[in-house]
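Below you'll find the structure, written out as structure tokens, and then a few comments.
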Amino acid sequence: MLLSPGTPAQGAARAAAATENELATREALAQMRAGGNAVDAAITAALVAGVASPSSSGIGGGGFALVWVAADKKVTTLDFRESAPAAVDAAALEKRPLPPAERGKLTGVPGEVAGLFELHRRHGKRAWKDVVEPAVRVAKNGYPVNPHLASTLASAEKDLRVDSGLGALFFPAGKPAAVGGLIKNEKLGATLAKIAAEGAPGFYQGATAADLIAAARAHGGALTQADLDAYKPAERSAVKLSWEGHDVYTMPPPSAGGLMLAQTLRLFSKAELAKHRWNTGAYQHVLAEGMRGALADRLRYLGDPGHEKIDVEKLIAKERMAARKKTIALDRTHAVPRFGLEEHGTHHLVTADAAGNVVSLTTTVNRAFGTKLTAPASGVVLNDELDDFAKRADVEPLGMTQSPNRPRPGARPVSSMTPTLVVKDGEVVLALGGSGGTAIATNVTQLLLGRLVFGKAPAELVKAPRFYVPTQGASILLEKGAAQSLIDDLKWRGEVVGNMTFTSSGVQMIAVDKGRKLPASDPRKHGSAKAE
């Protein structure tokens, strides 16, 4: 259904956006100011983010989106996650990590352009070219390097400089571009202009497609024109559950993040969590125990629903969660079987318009700068999404001989991305999601509970200390500066406490309170949130 801008409540902001980049937020709001709706704004923000925050996302990647259609009071869900080429080298993926010359074997069929184009076809209001144009302009005119990008360039300099395209853009005079430096990406701007004029075919066919294929195959990849022709975004049914007077909608498989969030809500009532008090040792411990169970379920049961039969309702069933809850004690900690899960290069954004339409969208190229390779003519960064498939060694500790998340032709690897919407009395009251690999689901769950249980303001929530549940080593990781009393309390409960060294995980959110839109962006990735 076509969404319309509508009229704001008296005294309320017409629109709001929260993204991980100042330009993306600014252009999203400009899109709604020009008559666009929340979907138009989200598409613009995603494309601009792919230009100005290229370590996190881009048109060479893919993602998930949840859209609240206010007129229908309905959530629609779109999966535009990358998929494995028909000739995926499953044997090579068992030998990861791969040498630089074989990085193309990790490149999946990109889904972002197809997904955004489909979102626009279904729900957009302004012309497609008008929605894409801001990204073209930012690429051609240039964008300032923000602190997160500068940090990524410095930390990954050795790998990034190997690629001539990335080297020329980001390492002028042989040094990483500094904060505030202007980056112009003429090649990517021309590619986006072609997409603006031709739609998705401008990416999946012709010269751009040939450039992507050649770049992936030059580094051992299996991408073909047939793979690009066959790619289609998939509409999914959101995971929905009622919790304490709210309807919570989150992403189904191939997301594992939605499973963790849903299981956590099924494990604990608002009163139980409130009793432990916000961010105490007891509170963090019981949540971490629930999250560890979800991580184990991810390993045992989750894969691409097009290739595996996955009964999400059974996995989150009240009876099953009640049985699991009986194993959770305040003075005992369970271990998660060791397995590797790595996703880092991700960007989440949220947009809301005056009519009550809301979009929660996560986009990614997987690790920072994906494969760290660009297609030379088009300037597109190639994703390394196939690295999210599991290896046989990952499931052997559970007595399994193969993973449901194994590489197969056309399969989409399991992701931690957790775009989420919370509805009360027929209106969205909270929209959020995050970036940061397997920290996404734990972060989103913590902030959602901070809002729904403790009534914390969004601006306070995105700054608050968080914990993370790793899959190996320590049982819980805390951010720098955690109080010794908290550490001692967690240790008493059997937790093995470590330090969270990966700090580039962020949550973007918009809460709605009595018609007032309250956007907030995570300072960990120097994001931007505005309402007007």
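Read-outs throughout are calculated quantities, based only on the coordinates presented, and are distinct from any laboratory measurement. Since this is a predicted model, take the numbers as computed values, not measurements. A quick note on method: Cβ atoms are made from the backbone with ideal geometry, for glycine too, and the neighbour counts reach across all protein chains shown.
Points to keep in mind about this one:
- When each of Arg236, Arg466, Arg406, Arg217 is scored by the number of other beta-carbon atoms lying within 10 Å, the sequence from fewest to most is Arg217, Arg236, Arg406, Arg466.
- Cα gyration tensor shape for the range 237-317, rounded if a/c is under 1.5, else prolate or oblate: oblate
- The separation of the range 70-120 from the range 130-193, counted between C-alpha centres, amounts to 23 Å.
- Measuring r between the beta carbons of Gln225 and Lys95 and using R0 = 25 Å, the FRET efficiency lands at 0.35.
- The charge dipole of the chain, taken about its Cα centre with unit charges on the Cβ of Lys, Arg, Asp and Glu (plus for the first two, minus for the last two), comes to roughly 740 debye.
- Whole-angstrom gap from the range 253-302 to the range 385-443, using each part's C-alpha centre: 15 Å
- In the chain, helices alone account for a calculated mean residue ellipticity at 222 nm of -10500 deg cm²/dmol, with every DSSP H run of four or more residues adding -39,500 (n - 2.57).
- Residues of type aspartates and glutamates that Lys530 reaches as a straight line, Cα spacing below 19 Å, ignoring anything fewer than 8 places off in the same chain: Glu20, Glu22, Glu27, Asp40, Asp353, Glu460, Asp513, Asp522
- Shape call, the range 25-144: gyration tensor on alpha carbons, a/c limit 1.5: oblate
- Of the DSSP H helices in the chain, those with a Cα length along their own long axis of 27 Å or more and a mean Kyte-Doolittle hydropathy reaching -1.0 comprise 281-301.
- Spacing of the two label points (7 Å from each Cα toward its C-beta) at Glu244 and Ala459, in nm: 2.3 nm
- Straight-distance crosslink candidates among lysines, where the alpha carbon sits under 19 Å from Lys314 and sequence neighbours closer than 8 are dropped: Lys240, Lys325, Lys326
- Under 16 Å from Lys309, Cα to Cα: aspartates and glutamates that are on another chain or at least 8 residues apart: Asp297
- Non-local Lys pairs in the range 76-202, i.e. 8 or more apart or on different chains, that have alpha carbons under 19 Å apart: 10
- Anisotropy class of the range 140-179 from Cα gyration tensor, a/c 1.5 cut: oblate
- Relative contact order of the chain: 24 percent, from C-alpha pairs under 8 Å at least 6 residues apart in sequence.
- Among the listed options [x] 59, 59, 44; [y] 72, 52, 46; [z] 75, 55, 48, the one matching Cα extents along the principal axes in Å as calculated from these coordinates is [x].
- Full-extension gain in nm, Arg332 to Arg516, via 0.36 nm per residue minus C-alpha separation: 62.0 nm
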